[in-house]
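Read-outs: derived from the displayed coordinates by stated rules, not from any lab. Predicted, not measured: the structure shown is a model, and the values here were computed from it. With ideal geometry, Cβ positions are generated from the backbone for all residues, glycine too; neighbour counts draw on all protein chains shown.
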Amino acid sequence: MLTVEALSSSYGRIMALREVSLEVKAGEIVALVGSNGAGKTTLLRAISGVQPVRGGRILFEGEAIEKMEPHLRVVRGISQSPEGRQVFGPLSIEDNLKLGAYRRQDARRQARLDHVYGLFPVLAERRRTPAMSLSGGQQQMLAIGRALMAGPKLLLLDEPSLGLAPLLVDQILAAVTSLRTEGITTLLVEQNASAALAIADRGYVLETGHITMEGTGAALLDDPKVRAAYLGL
Amino acid sequence: MSEFLQLAFSGLTVGAIYALIALGFTLIYNASDVINFAQGDFVMIGGMGTVFLMAAGLALPVAALIAVVAAVLVGLLLHRLAIEPARGASPVTLIMITIGASIFIKGVSQIIFDKQFHSLPAFSGDTPIPVGGATILPQSLWVMGTALALVVALYLFLEHTLVGKAVLATAANRLAAKLVGINVALVLALAFGLSAAMGALAGVVATPITLTRYDIGTLFTLKGFAAAMLGGMGNPVGAVVGGLLIGLIETFTAGYLSSTYKDAVAFLMILVVLLFMPRGLFGSRTVERV
């Protein structure tokens, strides 16, 4: 479904991604793990089109999209929940969610809204309040819910568990697993590597801008180097 | 008392014009962080355009419509040719670009139109309407009515349509706006077009009172900017309140002190706001919760 080939990107002179290649197949959950500053967020932003690319290709369902405007990528079915509570602060929770469906005003919008409220009941309770009045964890839920409102084929989740209570982390990762049964493919970026690899079919390890390891989720979980570097074992 | 009322009426009339210009500032600033110093020139294009089209034989409504459309085109071109290519430039650079654009618009207007002052006949005659011992000109009602209608229309657009909310979303968080699929470039163009339309309409209804000339935009820009600053840059309610306040203070100064100081009031207000309350009356942009 998604093929990234030798993708490079930089902030000024600093190379953030060096010839990164990876693949996400339809129906998979793929985890991207790595330490802070390894380039995980840069990669997701490049896939969404909000981070300029220096070289390489991004293919989505066979179509080259690396030069496509961000909003057209959303139309193609790529939706991202960005890192760090990027909500529309002054707008209400419900408006935030409805804007998530900006490019998909179809008959199923209400059903998706109900689905998101089912996933995160706290959002339903406070649907009229401005998003900036939510706690950090609730804003994170809102960002994920907003990404789901686009009815994506490929969901990019950047640090969905950041700032969430452990119980909520389990809940969100369980939600990701259940999304697969609805036909949503997920590329998951996580610092919480053990939790991410546990639910992932396959995983990639990103270090200082390039992929250093790849394998099935289980294999990476058992790998001594991964265990030492990212799982603290 | 009747003198007070008289001054208040004319203050609210000019204030309504300033409010529309300040709203134009607000709309563009929120969507793009640009402070558009060509805002007052849209007022001029609306007024001068209507004057010359009427002189060419068109009826007022047709002439006004064409003039407003022309202003919108200028606004869109300003965005497309001057602002968009400088995407990512510093705010100071962008401000200088808009000042340059303003000078350019004045230069071209001087050639297309002329260097004379022009006026339009009042839309509904010149017979003053007595109100509580004072009088109000029918044209003042046109100005205030137009301003009110535009403010309400803008509010309904922003709060009750999906595209309007996309404008608010872009103002709140541009990255997230792109990620949900909002075409941010289109939203910015929309902001410039709407601001131009509001300014031009203000120019059409104000010209019978204020007169117009190719270079009248500068003063409108500065008054509107003062109003937006006073209200709190970026806050639409602040823009309207700031506009009305600047209009009132200006008229009362002219009435009770001397009309010599009339134009100084707006600049004094800019200084006062910058020194003592840089966030304005309705301090916009609350600090994000961490």
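Within the same chain, aspartates and glutamates fewer than 8 places from A:K98 are excluded, and of the rest, those with a Cα less than 18 Å from its Cα are A:D106, A:D114, A:E125, B:E159. Put a plus charge on the Cβ of each Lys and Arg, a minus charge on the Cβ of each Asp and Glu, and nothing anywhere else: the dipole of the stretch A:86-145 about its Cα centre is then about 180 debye. Which one, A:M141, A:I93, A:A107, is farthest towards the positive end of the dipole of the stretch A:86-145 when Lys and Arg carry +1 and Asp and Glu -1 on their Cβ? Result: A:A107. Listed by chain and number, the lysines whose alpha-carbon sits under 17 Å from that of B:K115, ignoring those within fewer than 8 places in the same chain, are B:K106.
Based on Cα contacts under 8 Å between residues 6+ apart, chain B shows a relative contact order of 36 percent.
For the stretch A:114-190, how big is Rg over Rh, using alpha carbon atoms and the Kirkwood form of Rh?
When Rh is taken as the Kirkwood radius, the ratio is 0.94.
In peptide B:15-26, what is the residue-averaged number of other protein chain Cβ atoms found within 10 Å of each Cβ?
On the way: counts 0, 0, 0, 0, 0, 0, 0, 0, 0, 0, 0, 0.
Per residue, the average neighbour count from other chains is 0.
Say we join alpha carbon atoms closer than 10 Å with springs in a Gaussian network model of chain A; which of A:G12, A:G100, A:G77 then has the biggest fluctuation? Highest fluctuation of the listed residues: A:G12.
Modelled this way, with points 7 Å down the Cα-to-C-beta line, the labels at B:M277 and B:F52 are 4.2 nm from one another. At q = 0.16, 0.28 Å⁻¹ the log10 of I(q)/I(0) for the stretch A:170-233 amounts to -0.52, -1.29, computed by Debye summation with a single uniform scatterer per C-alpha, solvent ignored.
Computed about its Cα centre, the charge dipole of chain B is approximately 640 debye, with only Lys, Arg, Asp and Glu carrying charge at their Cβ.
Take each of the peptides A:158-169, B:144-155, B:44-55, average the number of other beta-carbon atoms within 10 Å over its residues, and list them starting from the highest. Please list the in-between numbers first.
Working: A:158-169: 17.8, B:144-155: 16.3, B:44-55: 23.9.
Highest to lowest by the protection proxy: B:44-55, A:158-169, B:144-155.
Candidate cross-link partners of B:K223 among the aspartates and glutamates, defined by an alpha-carbon separation under 15 Å and a same-chain spacing of 8 or more, comprise B:D41, B:D215, B:E250, B:D263. Between helix B:60-77 and chain B there is an angle of about 30 degrees, using the helix long axis and the longest principal axis of the Cα atoms. Neighbouring Cβ atoms from other chains, within 10 Å of the Cβ of residues in A:98-108, number 3 on average.
With no solvent and one point per C-alpha, what does the Debye sum give as log10 I(q)/I(0) for the stretch B:91-232 at q = 0.15, 0.16 Å⁻¹? Evaluating at q = 0.15, 0.16 Å⁻¹ gives log10 I(q)/I(0) of -1.00, -1.09. Over chain B, the hull volume per residue, using the convex hull of the C-alpha atoms, is 143 Å³. Taking trypsin sites (Lys or Arg not before Pro) in DSSP loop conformation with at most 16 other Cβ atoms inside 10 Å as exposed sites, chain B has its longest uninterrupted site-free stretch at B:116-278.
Relative contact order for the stretch A:1-108: what is it in percent, counting Cα pairs under 8 Å that are at least 6 residues apart? Walk me through the numbers on the way to the answer.
Values: 131 pairs, mean separation 27.4, N = 108.
It comes to 25 percent, rounded to a whole number.
Spin-label model, A:T177/A:T208: points 7 Å from Cα along the beta carbon direction are separated by 3.6 nm.
Please list, by residue number, every one of the trypsin sites (Lys or Arg not before Pro) in the stretch A:127-233 that is coil in DSSP and has at most 13 other beta-carbon atoms within 10 Å.
Answer in residue order: A:R128.
Give me the Debye-computed log₁₀ of I(q)/I(0) at q = 0.18 Å⁻¹ for the stretch A:86-145, equal point scatterers on Cα only, no solvent, two decimals. For the requested q values the scattering log ratios are -0.53. Reported to the nearest whole Å, the Cα centre-to-centre distance from the stretch B:90-117 to the stretch A:207-225 is 59. For chain A, the dipole from Cβ point charges (+1 on Lys and Arg, -1 on Asp and Glu) about the Cα centre works out to 640 debye, to the nearest 20.
Pairs of Cα atoms nearer than 8 Å and 6+ residues apart set the relative contact order; for chain A it is 27 percent. Counting neighbouring Cβ atoms within 10 Å and putting the fewest first, the residues A:M149, B:M1 line up as B:M1, A:M149. In this structure, the pairs whose alpha-carbon distance is over 23 Å, taken from A:K40/A:K67; A:K40/B:K165; A:K40/A:K153, are A:K40/B:K165. Each 20 Å bin, from zero up to the one with the longest distance, holds this percent of the alpha carbon pairs of the protein assembly as shown: 21, 43, 26, 9, 0.
Which semi-axes, in whole Å and largest first, does the equivalent ellipsoid of chain A have when worked out from the alpha carbon gyration tensor as the square roots of 5 times its eigenvalues?
Ellipsoid semi-axes (Å, largest first): 27, 21, 16.
Take each peptide in A:23-32, B:18-27, A:83-92, count the other Cβ atoms within 10 Å of every residue, and average; sorted highest first, the result is B:18-27, A:83-92, A:23-32.
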